[in-house]
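Asks: Below are the structure tokens for one structure; questions will follow.
The values are calculated or read from the model by the stated rules, or taken from the named source; none is laboratory data. Given the structure is predicted, the values throughout are model-derived calculations rather than measurements. Every residue, glycine among them, receives a Cβ derived from its backbone with ideal geometry; neighbour counts consider all protein chains shown. Calculation scope for accessible area: heavy atoms of the full protein, side chains included, ligands and nucleic acids excluded. Shrake-Rupley method; radii C 1.70, N 1.55, O 1.52, S 1.80 Å.
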Amino acid sequence: MNSFKKEEIVKHLTCNKNRNILKEADSIRKEHCGDEVHIRGIIEFSNYCKRDCLYCGLRKSNKKLTRYRMTADEIFKAARKVEEFKYKTIVLQSGEDDYYRIEELCGLVKRIKKEIDCAVTLSIGERTYDEYKQLREAGADRYLLKFETSNKKLFVFLKPGSLYEKRLKRLEWLRDLGYQVGSGNMVGLPGQTLEMLADDILLMNKLDLDMIGIGPFIPHPDTPLWRFREGTLELTLKTIALTRMAAPDAYIPATTAAGSVDPAGRQKALQCGANVIMPNMTPQKYRKYYEIYPDKICLNDQPGDCRMSIKTIIESLGRNIARGYGGQG
Ligand code: SAH
């Protein structure tokens, strides 16, 4: 892949009947990562956000959304549920919510690491170097911070108040602090060309990421992008496949967004390069309010139902559930 040229990637993204790319990515996944699918239980603990990203339903200007914050105890209880299901990674995600003091977050991470045998992944947005350092010292193992798009102009347009260079700098900080680092993009964003998508793929290769999240853009009715079309599953799958070729060893999730644009979206993603699935472990009463985009799947499932459907998905593809941490844990 290092020899892959941008024009070549664009050609693959353009081509309509190219099943080969998907197949090839599937065998690269098999060769490098095996048949195990890693499960990460995600707890969406606050939907408050100080940012105003144009695509996201949690943006602060969305006054229609009912906001919630889980207490540290509630988050811990949800983490215990993840443990009961024998999932080995707990992902804590939220909007950018300064309500939680860093000491409180560190205390929570410490408690989870002390009492539960798991890897902890954080996905809480842009913080200072010092905060990332404290969270790492508290025991956090991994951090997810998607660059969303590698096109600077589009980035600035979509994320007012956030700077592209600073986002990338943060990924460097996280790496230096010893986190396993995840990033990624959205596919089919308004104004995004195939050339830009090819640049995204090249960037994922260059950043040497441990985890890469790729999902279709889904317009939310209460955001300025409500009129735009959603990203197609087809283009998302091609992006996943080419990314697998660019990053053969990365952990690539079959995203909830892919499952939300097509009922078989996650299965299809697992068959063209993905090897991770992230069941929603947010308590039922809060789940519908973490509406980054509409019609998210699993909203009405109990965590147990989610587990069943995930097990069914994995086994029906002839794959098996990984029992380890997946990463250096
Ligand atoms: N506040 C954290 C977590 C953001 S939500 C952060 O900034 O990192 C997690 C991901 O949801 C985002 O990184 C983005 O890629 C995705 N997302 C948000 N709105 C979306 C939409 N309308 N369609 C598809 N994905 C979306």
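Rundown of residues vs (1) within 12 Å of the ligand (Cβ to nearest atom); (2) over 25 Å from residue 141 (Cβ atoms); (3) at pLDDT 95 or above; (4) surrounded by fewer than 17 Cβ atoms within 10 Å (Cβ to Cβ), yes/no style:
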residue: 171; (1), (2), (3), (4): yes, no, yes, no
residue: 176; (1), (2), (3), (4): no, no, yes, yes
residue: 181; (1), (2), (3), (4): no, no, yes, no
residue: 189; (1), (2), (3), (4): yes, yes, yes, no
residue: 193; (1), (2), (3), (4): no, yes, yes, yes
residue: 199; (1), (2), (3), (4): no, yes, yes, no
residue: 206; (1), (2), (3), (4): no, no, yes, yes
residue: 215; (1), (2), (3), (4): yes, no, yes, no
residue: 219; (1), (2), (3), (4): yes, yes, yes, no
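Asks: Residue 91: among the β-branched types (Val, Ile, Thr), touching a Gly at 6+ places or on another chain (Cβ under 9 Å) and within 11 Å of the ligand (Cβ to nearest atom), yes or no?
Replies: Working: among the β-branched types (Val, Ile, Thr): yes; touching a Gly at 6+ places or on another chain (Cβ under 9 Å): yes; within 11 Å of the ligand (Cβ to nearest atom): yes.
The answer is yes for residue 91.
Asks: Those residues that are within 16 Å of the ligand (Cβ to nearest atom) and in contact (Cβ under 8 Å) with a residue 60 or more places away in the chain, I need them from segment 25-48; list them, please. Walk me through it before giving the result.
Replies: Here is the first cut: in segment 25-48, the ones within 16 Å of the ligand (Cβ to nearest atom) are 40-48.
Those that are within 16 Å of the ligand (Cβ to nearest atom) and in contact (Cβ under 8 Å) with a residue 60 or more places away in the chain: 40, 41, 42, 43, 44, 45, 47.
Asks: Same structure again: Looking at (1) surrounded by fewer than 23 Cβ atoms within 10 Å (Cβ to Cβ); (2) more than 14 Å from the chain's Cα centre (by Cα), which is the one condition that is false for residue 292?
Replies: (2)
Asks: Please determine, by comparing only the residues of segment 148-166 that are in a loop (DSSP other than H, G, I, E, B) and in contact with an Asp or Glu (Cβ under 8 Å, 6 or more places away or on another chain), which one is most open to solvent (accessible area, probe 1.4 Å). Let's see the steps before the verdict.
Replies: Of all residues in segment 148-166, those in a loop (DSSP other than H, G, I, E, B) come to 149-151, 159-163.
Retained after the next criterion (residues that are in contact with an Asp or Glu (Cβ under 8 Å, 6 or more places away or on another chain)): 149-151, 159-162.
On the way: 149: 1, 150: 22, 151: 44, 159: 9, 160: 59, 161: 79, 162: 5 Å².
Filtering first and then ranking leaves 161.
Residues are listed down the side, and each one gets a yes or a no for (1) touching a Leu at 6+ places or on another chain (Cβ under 8 Å); (2) part of a helix (DSSP H, G or I); (3) open to solvent by 10 Å² or more (accessible area, probe 1.4 Å); (4) at negative phi:
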site: 50; (1), (2), (3), (4): no, no, yes, yes
site: 55; (1), (2), (3), (4): yes, no, yes, yes
site: 58; (1), (2), (3), (4): yes, no, no, yes
site: 61; (1), (2), (3), (4): no, no, yes, yes
site: 65; (1), (2), (3), (4): yes, no, yes, yes
site: 75; (1), (2), (3), (4): yes, yes, no, yes
site: 82; (1), (2), (3), (4): no, yes, no, yes
site: 87; (1), (2), (3), (4): no, no, yes, yes
site: 90; (1), (2), (3), (4): no, no, no, yes
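Asks: Being part of a loop (DSSP other than H, G, I, E, B) and surrounded by 19 or more Cβ atoms within 10 Å (Cβ to Cβ) is the filter here; which residues of segment 263-282 pass it? Break it down stepwise before answering.
Replies: Initially, segment 263-282 is screened for residues part of a loop (DSSP other than H, G, I, E, B), giving 263-264, 271-275, 278-279, 281-282.
Matches in segment 263-282: 271, 272, 273, 274, 275, 278, 279, 281, 282.
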